[in-house]
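Presented below is the structure to which this report refers.
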Amino acid sequence: MPVQEAIAVEQPTHGIFSWPEQPRVKLGRTGAEPELSETEQQFQDMAHGFARDVLRPIGRQLDRMTPEQVIAPDSPYWVMRSKYNELQINPLTLSELSPKEIARINPIINEEFGWGDGGLAVSLGSGQLPAMLSLMFGKAYLLERFSVDQVGCWAITEPDHGTDALDPSRQIFHPGGAYGKPNCVARFEGDKVVINGQKSAWVSNGPIAEVCVLYCSADTGAGPDPQRGAVILVPLNLKGVAKGKPLDKLGQRGLPQGELFFDNVELPLDHVLVGPDHFQRAVYAVHTEANMAMGAVWTGTARSAFDIAWEYAHSRKQGGVPIYRHQSVAHRLFHMYRRVEAARALVRRVTEFNTLAELPALQSAMACKVTCTQAAFDNASDAIQLLGGNGVTREYPVEKIFRDARAAMIEDGCNEILAIKGGTIMMDPDLL
């Protein structure tokens, strides 16, 4: 019997022998994704439909409007927020899930939202922080005083204090450095707290927010101390609160950002989520959550840039063939795909660890934020290059994604400072 016939007789008809001669796997929406649970799939489908039908088209509309038009009562922004509220995806509803389910579902939702529009995804995430932190810090009674559908914001940076506001432990300060005078101080007086000062123009949702999670320096009688600050839930309809004009920006133009001013704003002590003794822990907690969420959002944006470039490479012809046939195009698309898969894997892994661990790892959350925002920027840049002249026109969305991703490398802690602080946290003093 010829050798080839003998080998064929011995071969089974299952496993690799059932594959096509040239195997090719057509991956789904989120790449090499293990099968999702029924609940996870439902949330992904819901979030993707909202991202496709609402976030993406409205984000493109808002991108071409002035900041004043974005926040106007007749703006498409409010249509987006109304439709989001209908989904009932918020900290209260998600708290009904198990911690394991939350750890799996949160990055899935945030990735889909980021795929739709990164800036609007950040706006939605910031809007939920008052409810999320009220639950996290054991002050659920505050949720009875405002609706989870109200627009929230997180105010931590100040005109003179940017990413250093995220470093109350002074781990990255130069030995000769000093924090300087804080721009916003909460003074504790008996059974009330009085807030004076200003938060920076980078407060996400600042111009439209109804409730603010305020992180600021505290004064308990010995003067303001940035290392022993306070976290306060502040309704923004109080006397003494004022808002600055919305910021005019390069990217994420659908995300309203602006200053907040406090002039002798008084609140009872039960609005204090965290006092001076636990302030550094509270910064650590919110920073961990924010950086994980940013990682998931901008993974979605990196995926969006890849999707657009991948589809374009199939339809655009040069040299008589679709440009995908050119080796350099296939090479570029592979690296875009690789970044998305690596970013997603990192975010899912870190989110599950941090959600279930007794003490989350901030350095790992920082790795998510830095890795994924960089992936989004690199993919957007590659998409522009692949689309050629079309890539820099407003007819195609990749130039907007590029601008949005560039802003992401600064917000929630600029990537350079996060790398310094993350590296410092990784240090083992016992080995020095």
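State whether the residues of the stretch 15-27 include one that is among the charged types (D, E, K, R) and touching a residue at least 60 places away in the same chain (Cβ under 8 Å).
Our first condition is that a residue be among the charged types (D, E, K, R); within the stretch 15-27, this holds for 21, 24, 26.
Those still in the list that are touching a residue at least 60 places away in the same chain (Cβ under 8 Å) too: none.
No; the residues of the stretch 15-27 include none that is among the charged types (D, E, K, R) and touching a residue at least 60 places away in the same chain (Cβ under 8 Å).
Taking the options Asp412, Asp404, name whichever one is of a type outside the set (S, T, N, Q), within 21 Å of the chain's Cα centre (by Cα) and on the phi > 0 side of the Ramachandran plot. Write out each step before concluding.
Numbers: Asp404 fails: on the phi > 0 side of the Ramachandran plot.
Matching residue, one of Asp412, Asp404: Asp412.
Can you tell me which of Ala367, Ala380, Ala345 is part of a helix (DSSP H, G or I), aliphatic (A, V, I, L, M) and surrounded by fewer than 19 Cβ atoms within 10 Å (Cβ to Cβ)? Steps first, please.
Working: Ala367 fails: surrounded by fewer than 19 Cβ atoms within 10 Å (Cβ to Cβ); Ala380 fails: surrounded by fewer than 19 Cβ atoms within 10 Å (Cβ to Cβ).
The conditions single out Ala345.
State the number of residues belonging to the stretch 11-49 that are of a type in the set (Asp, Glu), modelled with pLDDT of 95 or more and surrounded by 10 or more Cβ atoms within 10 Å (Cβ to Cβ).
Number satisfying all stated conditions: 2.
Quick check on my filter: what residues within the stretch 317-345 are under 22 Å from Val392 (Cβ atoms) and either touching a residue at least 12 places away in the same chain (Cβ under 8 Å) or hydroxyl-bearing (Ser, Thr, Tyr) (or both)?
Keep residues of the stretch 317-345 that are under 22 Å from Val392 (Cβ atoms), which gives 317-319, 322-324, 326, 328-329, 331-333, 335-336, 339.
Hits for the stretch 317-345 are Ile323, Tyr324, Ser328, Val329, Arg332, Leu333, His335, Met336, Arg339.
Of all residues in the stretch 139-164, how many are over 21 Å from Pro256 (Cα atoms) and in a helix (DSSP H, G or I)?
Residues meeting the conditions: 6.
If you go through the stretch 399-428, how many residues are under 22 Å from His161 (Cβ atoms) and assigned to a helix (DSSP H, G or I)?
Applying the first criterion (under 22 Å from His161 (Cβ atoms)) to the stretch 399-428 yields 407-425.
Now narrow it down to the ones that are assigned to a helix (DSSP H, G or I): 407-408, 415-425.
Residues that pass the stated criteria total 13.
Please verify whether the stretch 38-49 includes one or more residues that are touching a Gly at 6+ places or on another chain (Cβ under 9 Å) and in a helix (DSSP H, G or I). Walk me through how you get there before you give the answer.
At the first step, the residues of the stretch 38-49 found to be touching a Gly at 6+ places or on another chain (Cβ under 9 Å) are 47-48.
Narrowing further to those that are in a helix (DSSP H, G or I): 47-48.
Among the residues of the stretch 38-49, at least one is touching a Gly at 6+ places or on another chain (Cβ under 9 Å) and in a helix (DSSP H, G or I), which makes the answer yes.
What number goes with the only condition from (1) farther than 24 Å from Lys369 by Cβ; (2) among the hydrophobic types (A, V, I, L, M, F, W, C); (3) outside the structural domain of Ser381 (by TED's automatic domain parsing) that Leu273 does not pass?
(1)
Report every pair of residues separated by at least 6 positions or lying on different chains whose Cβ atoms are under 7 Å apart, first residue within the stretch 279-293 and farther than 17 Å from Arg349 by Cα, second basic (Lys, Arg).
Going by the 7 Å Cβ cut-off, the qualifying pairs are Phe279/Arg228.
Evaluate the stretch 194-213: report whether one residue or more is out of contact with any Gly (no Cβ under 9 Å at 6 or more places or on another chain), assigned by TED's automatic domain parsing to the domain that holds Gly258 and surrounded by 24 or more Cβ atoms within 10 Å (Cβ to Cβ).
Taking every residue of the stretch 194-213 in turn, none turns out to be out of contact with any Gly (no Cβ under 9 Å at 6 or more places or on another chain), assigned by TED's automatic domain parsing to the domain that holds Gly258 and surrounded by 24 or more Cβ atoms within 10 Å (Cβ to Cβ).
Assess whether Asp117 counts as being within 15 Å of the chain's Cα centre (by Cα) and of a type outside the set (S, T, N, Q).
Working: within 15 Å of the chain's Cα centre (by Cα): yes; of a type outside the set (S, T, N, Q): yes.
Yes; evaluated as a whole, the condition is true for this residue.
Which residues, taken from the stretch 274-309, are surrounded by fewer than 23 Cβ atoms within 10 Å (Cβ to Cβ), among the hydrophobic types (A, V, I, L, M, F, W, C) and within 20 Å of Arg187 (Cβ to Cβ)?
Phe279, Ala282, Val283
On the given criteria, is Val350 closer than 29 Å to Met136 by Cα and assigned to a helix (DSSP H, G or I)?
Working: closer than 29 Å to Met136 by Cα: yes; assigned to a helix (DSSP H, G or I): yes.
Here the answer is yes, as Val350 does meet what is asked.
Residues being without any contact (Cβ under 8 Å) to a residue 24 or more places away in the chain and surrounded by 21 or more Cβ atoms within 10 Å (Cβ to Cβ): count how many of those fall in the stretch 134-160.
Residues flagged as without any contact (Cβ under 8 Å) to a residue 24 or more places away in the chain and surrounded by 21 or more Cβ atoms within 10 Å (Cβ to Cβ) within the stretch 134-160 amount to 0.
Mind listing whichever residues of the stretch 103-133 are in contact with a Pro (Cβ under 8 Å, 6 or more places away or on another chain) and either surrounded by 24 or more Cβ atoms within 10 Å (Cβ to Cβ) or touching a residue at least 60 places away in the same chain (Cβ under 8 Å) (or both)?
Scanning the stretch 103-133 gives Ser123, Ala131, Met132.
Working only within the stretch 258-306, note down all residues that are assigned to a helix (DSSP H, G or I) and over 20 Å from the mean Cα position of the chain (by Cα). So that I can check it myself, show each step before the final result.
Restricting attention to the stretch 258-306, the residues satisfying the condition of being assigned to a helix (DSSP H, G or I) are 269-271, 276-306.
The answer is Leu269, Asp270, His271, Pro276, Asp277, His278, Phe279, Gln280, Arg281.
Tell me whether the stretch 53-74 contains one or more residues that are closer than 22 Å to Glu101 by Cβ, at pLDDT 95 or above and surrounded by 13 or more Cβ atoms within 10 Å (Cβ to Cβ). Walk me through how you get there before you give the answer.
As a first pass, look at the stretch 53-74 and keep what is closer than 22 Å to Glu101 by Cβ: none.
So far as the stretch 53-74 goes, no, none of its residues is closer than 22 Å to Glu101 by Cβ, at pLDDT 95 or above and surrounded by 13 or more Cβ atoms within 10 Å (Cβ to Cβ).
For the stretch 60-138, give me every one of the helices (runs of 4 or more DSSP H) that falls completely inside it and has 1 or more residues that are in contact with a strand residue (DSSP E or B) (Cβ under 6 Å, 6 or more places away or on another chain). Quick ask: steps written out before the conclusion?
Values: elements: 67-71, 76-87, 91-94, 99-116, 118-127, 129-136.
Qualifying helices (runs of 4 or more DSSP H): 118-127, 129-136.
The values are calculated or read from the model by the stated rules, or taken from the named source; none is laboratory data. Values in this document were obtained by computation on a predicted structure and should not be read as measured data. Using ideal geometry, Cβ is built from the backbone for each residue, glycine included, and neighbour counts are taken over all protein chains shown.
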